Amino acid sequence: MTETLLKISDLSLSSDGTPVVEHVNLHVAPGEILCIVGESGSGKTSLLRGICDAGEVQVDAGQISFYQEQTECCTSNDRRKALGRGIGIIMQNPSGTFNPLRRFDVQIREMMNSHGMIYQKEDVIGLFDQMGLSNGEEILTSRPYEMSGGMNQRIAIASTMLLEPKLLLCDEPTSALDVTSANLVVELLCRYRRKYNVGILMVTHNLGIAYQMADTIGIMRGGRMVEYGAAQEIFHHPKEDYTKQLLNDVPKLAVCSNE
């Protein structure tokens, strides 16, 4: 049987008593990139927050399984135990990743040590360089409040990758970046997937990024998964009218390869 890093079965979520996700099913295998696409308010970010226990979203029903270890209607404690080196989280807003007043090198060292890893400055600088952060030495001795939002986002992504998780959960990781920086992040995520056979679940409103990256696509609307399947099949032969509408709203998708 094919190994599954993440399996969601008939999952329903609510926020302050209001349903935000209903009866969603999906799975992510090692080396697979699944992109969940939808407009604002479609439920895609709520889905991710429910999986990683971000606090604002509660599980009402369904099953979440990490690494084939299934937990029915899993508690917050169950989900927190699954996070860390096994599952990395890249959020849209990096402000919660770092203490704004403490140096990056101190915070990254503490993060790695807390997960039983040894901090190697050269490795950190090398990863920074791959993300277009060429002044790694200076960044490590700087503090988050001294950096732009885009810089903090790239540093946060690099920090997550340093833990070498098996599964990455990504919430609009390129939305705060300019086009050049966004392309660097996309390329790095794809290389990281190939090198470590990592599974990636990314939520995005950007169909261009989904087309470039995804093996599998899920289309969400009104808290429900309205279409789900192989990326090329959905992009070239969509079945649902809503999916067709989303694709028609994009002038032209460049032909890109995620190989």
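In region 119-130, the residues that are free of Cβ contacts under 8 Å to residues at least 24 places away in the same chain reach residues that are among the β-branched types (Val, Ile, Thr) with C-beta atoms within less than 8 angstrom, at least six apart or across chains, in these pairs: TYR119/ILE108. The set of residues in region 211-240 being among the charged types (D, E, K, R), farther than 12 Å from ASN25 by Cα and free of Cβ contacts under 8 Å to residues at least 24 places away in the same chain consists of GLU233, LYS239, GLU240. Residues in region 157-178 that are at pLDDT below 85 and of a type in the set (Val, Ile, Thr): THR174 alone.
Counting only helices (runs of 4 or more DSSP H) that sit wholly inside region 129-212, those with at least 1 residues that are touching a strand residue (DSSP E or B) at 6+ places or on another chain (Cβ under 9 Å) and aromatic (Phe, Trp, Tyr) are 179-196. In region 79-98 there is at least one residue matching the filter, namely being touching a helix residue (DSSP H, G or I) at 6+ places or on another chain (Cβ under 6 Å), assigned to a helix (DSSP H, G or I) and either at pLDDT below 75 or in the same structural domain as PRO173 (by TED's automatic domain parsing) (or both).
Within region 20-36, the set of residues being more than 30 Å from ASN248 (Cα to Cα) and under 14 Å from the mean Cα position of the chain (by Cα) is empty.
ALA158 meets all of the listed conditions (1) within 25 Å of GLN107 (Cβ to Cβ); (2) assigned by TED's automatic domain parsing to the domain that holds GLY50 but one, namely (2).
Residue-wise test of (1) surrounded by fewer than 18 Cβ atoms within 10 Å (Cβ to Cβ); (2) in the same structural domain as PHE104 (by TED's automatic domain parsing); (3) modelled with pLDDT under 90; (4) of a type in the set (S, T, N, Q).
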residue: VAL186; (1), (2), (3), (4): no, yes, yes, no
residue: ARG191; (1), (2), (3), (4): yes, yes, yes, no
residue: ARG224; (1), (2), (3), (4): yes, no, no, no
residue: GLU233; (1), (2), (3), (4): yes, no, no, no
residue: LYS239; (1), (2), (3), (4): yes, no, no, no
residue: LYS244; (1), (2), (3), (4): yes, no, no, no
residue: PRO251; (1), (2), (3), (4): yes, no, yes, no
residue: VAL255; (1), (2), (3), (4): yes, no, yes, no
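Is it fair to say THR141 is at pLDDT 90 or above and among the hydroxyl-bearing types (Ser, Thr, Tyr)?
Numbers: at pLDDT 90 or above: yes; among the hydroxyl-bearing types (Ser, Thr, Tyr): yes.
The answer is yes for THR141.
Taking the criterion of being more than 18 Å from the chain's Cα centre (by Cα), at pLDDT 80 or above, assigned by TED's automatic domain parsing to the domain that holds GLN245 and surrounded by 15 or more Cβ atoms within 10 Å (Cβ to Cβ), would at least one residue in region 37-54 satisfy it? No. Within region 1-34, count every residue that is closer than 21 Å to ILE234 by Cβ, modelled with pLDDT of 90 or more and not in a strand (DSSP E or B). Residues flagged as closer than 21 Å to ILE234 by Cβ, modelled with pLDDT of 90 or more and not in a strand (DSSP E or B) within region 1-34 amount to 3.
The values are calculated or read from the model by the stated rules, or taken from the named source; none is laboratory data. What you are looking at is a predicted structure, and each value in this text was computed from that prediction instead of being measured. We place every Cβ from the backbone using ideal geometry, glycine too, and count neighbours over all the protein chains shown.
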